[in-house]
1. Quick one: in region 8-18, which of the residues that are loosely packed, with under 13 Cβ neighbours inside 10 Å and on the phi < 0 side of the Ramachandran plot is modelled with the lowest pLDDT?
2. I'd like to know if region 62-76 contains one or more residues that are outside any strand (DSSP E or B), in contact (Cβ under 8 Å) with a residue 60 or more places away in the chain and either out of contact with any helix residue (DSSP H, G or I) (no Cβ under 8 Å at 6 or more places or on another chain) or at positive phi (or both).
3. Please determine whether any residue of region 66-78 is more than 20 Å from residue 19 (Cβ to Cβ), surrounded by fewer than 16 Cβ atoms within 10 Å (Cβ to Cβ) and of a type in the set (Asp, Glu).
4. Just to be sure I understand, how many residues within region 63-112 are of a type in the set (A, V, I, L, M, F, W, C) and within 18 Å of residue 36 (Cα to Cα)?
5. Inspect all residues belonging to region 86-107 and state whether any of them is at negative phi, touching a residue at least 60 places away in the same chain (Cβ under 8 Å) and small (Gly, Ala, Ser).
6. What residue, among those in region 32-53 that are among the basic types (Lys, Arg) and out of contact with any Asp or Glu (no Cβ under 6 Å at 6 or more places or on another chain), is nearest to residue 117 (Cα to Cα)?
7. Which residues, taken from region 25-44, are under 12 Å from the mean Cα position of the chain (by Cα) and under 17 Å from residue 80 (Cβ atoms)?
Amino acid sequence: MSFPRRHKYNAIRTIVDGKNFPSKAEATRYGMLRMMERCGEIINLRTQVSFKLVGTSEHFPNGLEVCRYIADFVYETKEGQTIVEDVKGYLVSAEFRIKCKLMRLYHGITVRVVDGNGREK
């Protein structure tokens with residue numbers, strides 16, 4: 001007998017608006033952001049946006065791609081500010097913290113870490 005593979009953090013895959021989300025928390029946050037977009041509070045909501053983290057210092061003269069960071073959500077406020085958001089449950093890994101630091105270093109972007117209800121962590 002074969003059982004479906006469990007997510008390592010016991011997250012439950014959820015589908016909203018035909019989009020497949022790896023957790024209920026991420027799906028809940030998507031629903032909130034879609035509502036905010038419909039009300040005109042935010043614009044240009046995108047999901048699973050990939051950012052190249054490319055070293056451009058004297059240590060990486062050829063622009064070596066160190067890794068990639070895939071943001072859960074990217075959107076703009078009415079004021080034109082771009083927000084990069086990641087939904088996390090109870091655990092934030094060391095790898096994620098390093099990628100957030102690289103996002104700030106290479107792109108000047110601070111990743112906003114929230115729970116499924118949009119509360120910052």
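The values are calculated or read from the model by the stated rules, or taken from the named source; none is laboratory data. This is a predicted model, so every value here is computed, not measured. Positions of Cβ are generated from backbone atoms using ideal geometry, with glycine treated the same way; all protein chains shown enter the neighbour counts.
1. Here the answer is 8.
2. No: zero hits.
3. No, region 66-78 contains no residue that is more than 20 Å from residue 19 (Cβ to Cβ), surrounded by fewer than 16 Cβ atoms within 10 Å (Cβ to Cβ) and of a type in the set (Asp, Glu).
4. Number of matching residues: 5.
5. Looking through region 86-107, at least one residue is at negative phi, touching a residue at least 60 places away in the same chain (Cβ under 8 Å) and small (Gly, Ala, Ser).
6. The selected residue is 34.
7. Passing the criteria: none in range.
Residues are listed down the side, and each one gets a yes or a no for (1) touching a Lys or Arg at 6+ places or on another chain (Cβ under 9 Å); (2) over 15 Å from residue 45 (Cα atoms); (3) hydrophobic (A, V, I, L, M, F, W, C):
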site	(1), (2), (3)
78	no, no, no
84	yes, no, yes
92	yes, yes, yes
100	no, yes, yes
